[in-house]
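This report concerns only the one structure given below.
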Amino acid sequence: MAFKPIRFIPDDTKIPFLLISRFGFFFSGVVSLASVLLFIFIGLNVGVDFKGGTVITVRTEQAANIDQLRSTLDGLGFGGIELQEFGSPNDLMIRVGAQEGGDAAQQAVVNKIKTALGPGIEYRSVDVVGPKVSSELAEQGIIAVVAAILCILMYVWFRFEWQFAVGAVMSLLHDVLLTIGLFCLLGIEFNLQIIAAILTIVGYSLNDTVVVFDRIREYLRKYKSMPLADLIDFSLNSVLPRTILTSVTTMLALIALYIFGGEVLRGFTFTMIWGVIIGTYSSIFIASPVLILLGTNREGAKELVKAKPVSP
């Protein structure tokens, strides 16, 4: 008995994507502006990676009494100390902000906490990040994101045309802005794992966008007299089954990782789940409609598309 391939979307859809994208542009513009305002007035809840400090993960013999432990540690005079359950009730994460005095002061924090907590505590990890290191990590994280977007601009420009490159970069900037806005709104800790997740989102979104652009470029050569708006709608509908199938299967893996991967991976997988959603959205409703605004060189497309067409 032959098995039919799984399809979440029929092959012959005729969804008016460009008509819907008018509302999508407005919605994305409003949400992107809101993300910028959230970043300016609320800001990110940056983790120890970017602001410096000490993170200690411990395991207690019995379920941790967070209120009692917080009262004990607040009396040490280190300023605001954050305590959070880390997986099971016996696992606890302790965060202490950077102290004046360099590495020696940070190590003194660790020693005083160990003394205050007393025996019966298993110290699973101790991470100390100084202010200088944290500022360097923040700078390198920003440089990594900016460099990735610039490299993508040059790659798409070289492979397609400058109009395609602008559409791809606008889509990626949209994804990054909305991710930062979400973290500002929810107050989720922003650390190096999230930077890695954002770079992964950029790659995922670009992959979706290039697949769509390949189909548009193929059809520019094949349907020489078709109006550009109709051609883009036709292209988007033809790749929609592949796009949705890829997104759904990726989401299933990420959801499983979010549920069963533990607290350490939760921030990364949450960011990736969000990134798959907005990356799929932006490749359809942001990147491609930009070609209508900027136009495209049909003669150039005829020369660029040579061999085999992109399969659905």
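The values are calculated or read from the model by the stated rules, or taken from the named source; none is laboratory data. Because the structure is a prediction, the values reported are computed rather than measured. Cβ sites come from the backbone with ideal geometry, for glycine too, and all protein chains shown count toward neighbours.
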Within the range 29-51, take every residue that is touching a Leu at 6+ places or on another chain (Cβ under 8 Å) and not in a loop (DSSP other than H, G, I, E, B) and give me the one that is nearest to Leu117 (Cα to Cα). Asp49
Residues that are part of a loop (DSSP other than H, G, I, E, B) and over 23 Å from Leu19 (Cβ atoms), drawn from the range 174-233: Gly187, Ile188, Asn191, Lys224
Give me a count of the residues in the range 20-51 that are free of Cβ contacts under 8 Å to residues at least 12 places away in the same chain and of a type in the set (S, T, N, Q). 0
Tell me, which residue of the range 46-72 that is buried (at least 18 other Cβ atoms within 10 Å of the Cβ) and over 30 Å from Ile142 (Cβ atoms) is nearest to the chain's Cα centre (by Cα)? Val58
Can we say Thr243 is of a type in the set (S, T, N, Q), surrounded by 17 or more Cβ atoms within 10 Å (Cβ to Cβ) and assigned by TED's automatic domain parsing to the domain that holds Trp157? yes
Does Ile188 meet the test of being in the same structural domain as Ile40 (by TED's automatic domain parsing), surrounded by 21 or more Cβ atoms within 10 Å (Cβ to Cβ) and out of contact with any Lys or Arg (no Cβ under 9 Å at 6 or more places or on another chain)? no
Please list, ordered by first then second residue, the pairs with beta carbon atoms under 7 Å, 6 or more apart or interchain, first in the range 102-117 and surrounded by 15 or more Cβ atoms within 10 Å (Cβ to Cβ) and of a type outside the set (Phe, Trp, Tyr), second at pLDDT 75 or above and part of a helix (DSSP H, G or I). Ile113/Leu73
Kindly evaluate Ser288 against the criterion of being surrounded by 19 or more Cβ atoms within 10 Å (Cβ to Cβ) and either of a type outside the set (A, V, I, L, M) or at pLDDT 85 or above (or both). yes
Tally up the residues in the range 52-76 that are outside any helix (DSSP H, G or I), farther than 22 Å from Gly261 by Cα and either in contact (Cβ under 8 Å) with a residue 12 or more places away in the chain or touching a helix residue (DSSP H, G or I) at 6+ places or on another chain (Cβ under 9 Å) (or both), please. 7
Take the range 129-182 and flag every residue that is in contact (Cβ under 8 Å) with a residue 12 or more places away in the chain and of a type in the set (Val, Ile, Thr). Val129, Val133, Val145, Ile149, Ile152, Val156, Val166, Val169, Val176, Thr179, Ile180
